[in-house]
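The structure under discussion appears below in the form of structure tokens.
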Protein chains: 2
Amino acid sequence: MSGVKLLGVSGSPFSRRIEWALKIKGVEYELIEEDLQNKSTLLLESNPIHKKIPVLLHNGKPVVESLVIIEYIDEAFEGPSILPKDPYDRAIARFWAKFIDDKCLPAAWKALWSKGEEKDKEEAYEVFKILDNELKDKKFFGGDNIGFVDIVANFIGFWVGIVEEATGVVLVTSEIFPHLCEWRDEYLNCNQVKENMPHREMLLGYFKARAEAEGY
Amino acid sequence: MSGVKLLGVSGSPFSRRIEWALKIKGVEYELIEEDLQNKSTLLLESNPIHKKIPVLLHNGKPVVESLVIIEYIDEAFEGPSILPKDPYDRAIARFWAKFIDDKCLPAAWKALWSKGEEKDKEEAYEVFKILDNELKDKKFFGGDNIGFVDIVANFIGFWVGIVEEATGVVLVTSEIFPHLCEWRDEYLNCNQVKENMPHREMLLGYFKARAEAEGY
């Protein structure tokens, strides 16, 4: 055994990022599924500051924050590189990863649960337009192949469409975001993605129940 | 010439992080002082998404976001390491840098301009207590020597005391945060810090004028 455990939630995009990174490196791991309503002592002790998943335990030592964990995996294990090798390309990848986490995800979440209020969608349109523009000459954020930023963008590639279906709030259309939609199509057709996402129907059921409870 | 330009503001902690990192590496650079009320075309073109300083231009290619820039400098130039070498230590350093940027700086800023409202200080007390605890067995965040996290923490080490003096809102005391205060004393006595901070009196004057304008 590699001595690697992941405290995570299989339906979480943040947790899936880590599973994906571990698979790229060929690292065997044990997923310890957390109940977020009743967090384990191991989770609370391993991430006492944020008390959040995912937590990677490597020989018992915890690493937290999904972007930090991915970089750790890239540096601590042999195997194909996740981040680019060139310092400038690495900086660009880190910039986009941060942009997705800090700007895109909060804006997308707000828009998707906006009950169609246009003003709640404005920021999402703005940041998705920036992503769309970045993808205009590229198949993936990483170029011809999936890379660090594509892994980080898994919520946009996979989850957004499911929440759209559950809430009926449509955000990403090919009229407004043609390049982002092309990227999403490529993404969802890619074996690496298919192997690293939760069951669509399971997630859809979860979000439909949530949407119903919130009056959608 | 090294082909390195920094679009920055000499009184900004974010900009000073970059100058410090460049000095550690022994990289010559040209500081282009920005007027944030009237941003240069070069800044707007180099950082079209955030339109913020600091921006590092290396042979004309822009790198933005201060943590991303520091990692870039560490990887692109020869010289002493800024981040630790060991992958686990690197992950821990990245965790603290993110914690400082995401949690400590917004909380500290809110508390310092709270006009003494205790409820506006609560979050700052909470996050500073976490930093205090982290420093209980260490001289610096980096151990015996200043490292990546200490550079990132420059606002806490240098700016906080100045804003406290300007506003009269005292946040960091040795009764509540003994280890953080010891760290600050060591920090301010360190030559590397002295060489990489703006003039205290200049900053104090700036914040005093601001405090006066805001009715402190």
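Throughout, read-outs are computed from the coordinates displayed, never taken from laboratory work. Everything numeric here is computed off the predicted structure, so don't read it as measured data. FYI the Cβ positions are ideal-geometry reconstructions off the backbone, even for glycines, and counts take in every protein chain you see.
Comparing B:LEU44, B:LEU83, B:LEU22 in a Gaussian network model of chain B where C-alpha atoms under 10 Å apart are linked, the largest mean-square fluctuation is found at B:LEU44.
Sorted from closest to farthest, the other copies place their A:ILE32 label points 5.1 nm away, with each point set 7 Å from Cα along Cα→Cβ. For A:LYS85, the aspartates and glutamates whose Cα comes closer than 19 Å to its Cα, not counting residues fewer than 8 places off in the same chain, are A:GLU71, A:ASP74, A:GLU75, A:ASP144, A:ASP150, B:GLU71, B:ASP74, B:GLU75, B:GLU78, B:ASP86. The phi torsions of region B:5-10, fed into the Karplus equation with coefficients 6.51, -1.76 and 1.60 and a -60° offset, translate into couplings of 10, 10, 8, x, 9, 5 Hz, rounded to whole numbers, with Gly and Pro shown as x.
Peptide A:121-132 has a mean shielding of 0, counted as Cβ atoms of other protein chains within 10 Å of each residue's Cβ. Of the GluC sites (Glu not before Pro) found in region B:1-92, those in coil by DSSP whose Cβ has at most 14 other Cβ atoms within 10 Å are B:GLU28, B:GLU78. Put simply, the amide H of A:ILE32, placed in the peptide plane, has neighbours under 5 Å in A:LEU6, A:LEU7, A:GLY8, leaving out anything fewer than 5 places away on its chain. The packing ranking, built from the mean of other Cβ atoms within 10 Å per residue, places the peptides B:49-57, B:168-176, B:84-92 in the order B:49-57, B:84-92, B:168-176, highest first.
Taking all Cα pairs closer than 8 Å and separated by 6 or more residues, the relative contact order of chain A comes to 19 percent. Projecting 7 Å from Cα along the Cα-to-Cβ direction, the label point of B:GLU175 sits 6.4 nm from its equivalents in the other copies, listed shortest first. Inter-chain Cβ neighbour count for A:67-74, averaged per residue, equals 4 (cutoff 10 Å, partner chain atoms only).
Let me check against my output: what whole-number percent is the relative contact order of region A:1-56, with C-alpha pairs under 8 Å and at least 6 apart? Relative contact order comes out at 49 percent. Taking one quarter of the surface of the C-alpha convex hull of region A:18-81 gives a mean projected area of 4.3 nm². Considering all alpha-carbon pairs of chain A, what whole percent are spaced by more than 24 angstrom? Pairs farther apart than 24 Å: 44 percent. For region A:102-182, the relative contact order is 35 percent, taking Cα pairs closer than 8 Å that sit 6 or more residues apart in sequence and dividing their mean separation by the residue count. Please report how far the C-alpha centroid of region A:135-181 lies from that of region B:123-155, rounded to the nearest whole angstrom. With region A:135-181 and region B:123-155 each reduced to a Cα centre, they are spaced 38 Å. What separates the Cα centres of region B:68-114 and region A:35-78 is a distance of 18 Å. Note on B:82-90: average number of Cβ atoms from other chains within 10 Å of each residue's Cβ is 3. Here B:CYS181 and A:LEU188 are evaluated by their C-beta separation; at R0 = 60 Å the FRET efficiency comes out at 0.65.
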